[in-house]
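All of the numbers you see were taken from the coordinates with simple rules; none came from a lab. Everything numeric in this text was worked out from a predicted model, so none of it was measured. We place every Cβ from the backbone using ideal geometry, glycine too, and count neighbours over all the protein chains shown.
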Amino acid sequence: MICNLSRRRFLTSVAGAIALARIPALIASPSNRDLITKVIPASGDPLAVIGMGTWRTFNVGHDPVLIEQRTEVLKAFFQHGGELVDSSPMYGSAEAVLGKALAALNRHEDVFAATKIWTRGKQDGIEQVEELERLWGLDRFELLQIHNLLDWRVHMDTLKQMRADGKVRYIGITTSHGRRLDDFEDIMASEPLDFVQLTYNVLDRWAEERLLPLARERGIAVIANRPFQGGQLFSRFQSQPLPAWAGEAGVSNWAEFFLKFIVSHPAVTCAIPATTSVEHMNENMGAQFGMLPDADQREQMARYVREL
Amino acid sequence: MEYALSDLIMFTPEVYLRLFIRFNEAVWPVQLLALAAGVAIPVLLTRQSMMARKLAVALLSLAWIACGFGFMGNFYAPINWPVAYFGYAFAGQALLIAAVAGAWQPPVRWSPVGQRGKALIALWLLMLLVLPWLTVAAASDGRALPFFALTPDLTVLGSILATTLVPRAVRWLLLLIPIVWCGFSALTLLALGLPFPIIVPLAGLLAAAVAFFLPDA
């Protein structure tokens with residue numbers, strides 16, 4: 001991001017009906033349905049509900065063939081109105097590959113760039129952010145998160161200062177697999193967070209008990225990771241038919257089923273599926289168009305999957 | 001929710017298998033030298049001349065350095081950060097091999113006539129010429145052929161076989177890093193769901209166990 005009024009922010013700030021007009025591909029899409037966005041409580045800005053994770057998928061090293069292929073995946077993501085891309089220095093070469101893909105697509109101003117600090121110590125944390133900005137080719141990130149609460153007390157002070165200085169827009173913390181939930185909840189309750197990232201999907205619903213209600217209460221945006229349980233949901237259910245009532249819930253394939261279940265939770269702002277395939281990206285992005293299931297339909301979805 | 005082994009792996013099987021393709025494209029025709037070294041090492045070890053056997057040890061040391069700084073440092077480490085540390089460990093193992101088997105306790109002559117010598121030849125040929133095709137089978141691409149002296153699993157397995165020629169009293173020194181690598185590699189390949197290539201590090205672990213207890217020739 002070069003200045004506060006970037007192209008992405010300008011466009012997202014006039015979302016709603018204009019959201020369709022800002023991405024020509026949407027106008028050209030066969031369905032021509034409405035882009036689903038949620039509001040980031042800290043700013044009131046809208047955010048497209050389907051983001052992109054990079055765990056495993058963008059760690060391709062220096063492989064030029066795979067870098068080009070992943071660039072196509074990212075291109076499809078943007079063509080469908082995707083905004084938030086999430087990564088971490090833990091994911092090997094993923095951030096360097098993202099940087100190359102963003103440069104090839106010339107999309108630095110369109111991405112809602114989210115990454116994590118994954119190191120110990122104040123100075124190492126600051127240097128890691130600088131290195132990640134260089135890898136992504138950005139002047140600053142939209143969102144910096146503390147990966148799995150690693151050395152979180154030290155990094156929290158750093159992030160709050162960076163936000164105050166305008167060096168990052170939002171700050172947050174992450175967990176996955178339900179690790180350190182008590183600590184996570186305590187930090188949510190006590191620190192001025194803009195975002196949290198946690199595992200939430202149609203089978204892993206422990207966040208509904210305390211964390212999601214707390215996020216709503218505290219005005220914290222929620223990013224749901226592992227929306228497909230690392231791909232296991234497809235392995236288990238893809239061979240099964242969708243329920244007959246899927247269309248009524250706005251669902252036309254399993255990817256939409258899993259993703260719309262997640263983002264229809266009132267506390268969830270965005271889900272971040274990861275994929276290596278343009279075809280799968282197209283399916284995933286279908287989940288941010290059309291209608292979302294209501295509360296009764298969500299329970300029906302969860303019950304259907306449990307009973308399969 | 002508990003972590004599964006696969007949750008700890010940050011890359012896909014496709015990316016791993018393409019490492020071999022990219023590496024082979026990048027270093028060609030060094031593979032021919034590696035193949036020559038794979039033949040020369042057992043031949044030199046069968047010689048009466050101590051100098052010839054020390055030359056074999058030197059070639060083995062070079063193989064570890066080539067693996068550590070070539071395939072591992074430049075290709076594998078960028079997608080799997082622990083491999084960067086293993087790259088340095090491989091360089092350390094090269095020095096260890098040179099110090100222990102090259103100077104302190106040189107290998108005995110590899111007798112190709114006895115049962116033990118014949119078994120060792122069979123295992124060496126298996127390592128050099130047969131096991132590499134397991135990676136090719138996994139990749140469904142002949143360009144993914146790994147080579148002894150260039151890629152780690154085969155180099156480690158070959159080295160464990162050669163270790164049986166050094167006195168048992170010091171053999172364990174040369175087995176530590178190979179055992180750790182084989183365990184790491186086997187777990188990685190298990191997490192990636194690659195049943196064919198995993199056979200090589202598992203064979204390495206089995207060979208290391210045998211080598212640890214095998215009496216001196």
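At-a-glance table
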| quantity | calculated |
| --- | --- |
| Cα Rg over Rh - segment A:7-307, Kirkwood | 0.94 |
| Lys, Arg +1 and Asp, Glu -1 on Cβ, resulting dipole of chain A about Cα centre, debye, nearest 20 | 160 |
| Debye log10 I(q)/I(0) for segment B:57-96, one point scatterer per Cα, at q = 0.16, 0.20, 0.24, 0.31 Å⁻¹ | -0.32, -0.48, -0.64, -0.91 |
| Charge dipole magnitude, Cβ of K and R +1, D and E -1 - the protein assembly as shown, Cα centre, debye nearest 20 | 1700 |
| Neighbour-count order for A:90, B:50, A:52, fewest beta carbons within 10 angstrom listed first | B:50, A:90, A:52 |
| Segment B:5-84: relative contact order as a whole-number percent, Cα under 8 Å and 6+ apart | 31 |
| Chain A, relative contact order in percent, only Cα pairs under 8 angstrom and at least six apart counted | 20 |
| Antiparallel DSSP beta bridges within the protein assembly as shown, as percent of all bridges there, nearest 5 | 15 |
| Inter-label distance for residue A:34 and residue B:190, nm, one decimal - labels placed 7 Å from Cα along Cα-to-Cβ | 5.1 |
| Kirkwood-Stokes translational diffusion coefficient of segment B:5-213, alpha-carbon pairs, 20 °C, 1.002 mPa s, µm²/s | 126 |
| Sorted by Cβ neighbour density within 10 Å, fewest at the top, the residues A:93, B:159, B:49 | B:49, A:93, B:159 |
| Between 0 and 90°, nearest 10: helix B:199-213 axis offset from chain B longest Cα axis | 30 |
| Rg/Rh (Cα only; Kirkwood hydrodynamic radius) as it applies to segment A:210-308 | 0.96 |
| Sorted by Cβ neighbour density within 10 Å, fewest at the top, the residues B:3, A:200 | B:3, A:200 |
| Summed residue charge, Cβ within 12 Å of residue A:232's Cβ, Lys/Arg positive, Asp/Glu negative | 0 |
| Average beta-carbon neighbours from other chains, 10 Å sphere, peptide B:3-12 | 5 |
| Calculated on alpha-carbon atoms, Rg and Dmax of the protein assembly as shown in Å | 26.9, 86 |
| Around residue A:301: net Lys/Arg minus Asp/Glu count, Cβ-Cβ under 13 Å | -1 |
| Neighbouring partner chain Cβ atoms per residue of B:83-95, average, 10 Å criterion | 0 |
| Point-to-point label distance, residue A:69-residue A:302, nm (Cα→Cβ direction, 7 Å offset) | 3.7 |
| Furthest towards positive pole of dipole, B:73, B:193, B:10, structure part chain B, Cβ charges | B:73 |
| Residue B:43-residue A:234 pseudo-label distance in nm [points 7 Å out on the Cα-to-Cβ vector] | 5.0 |
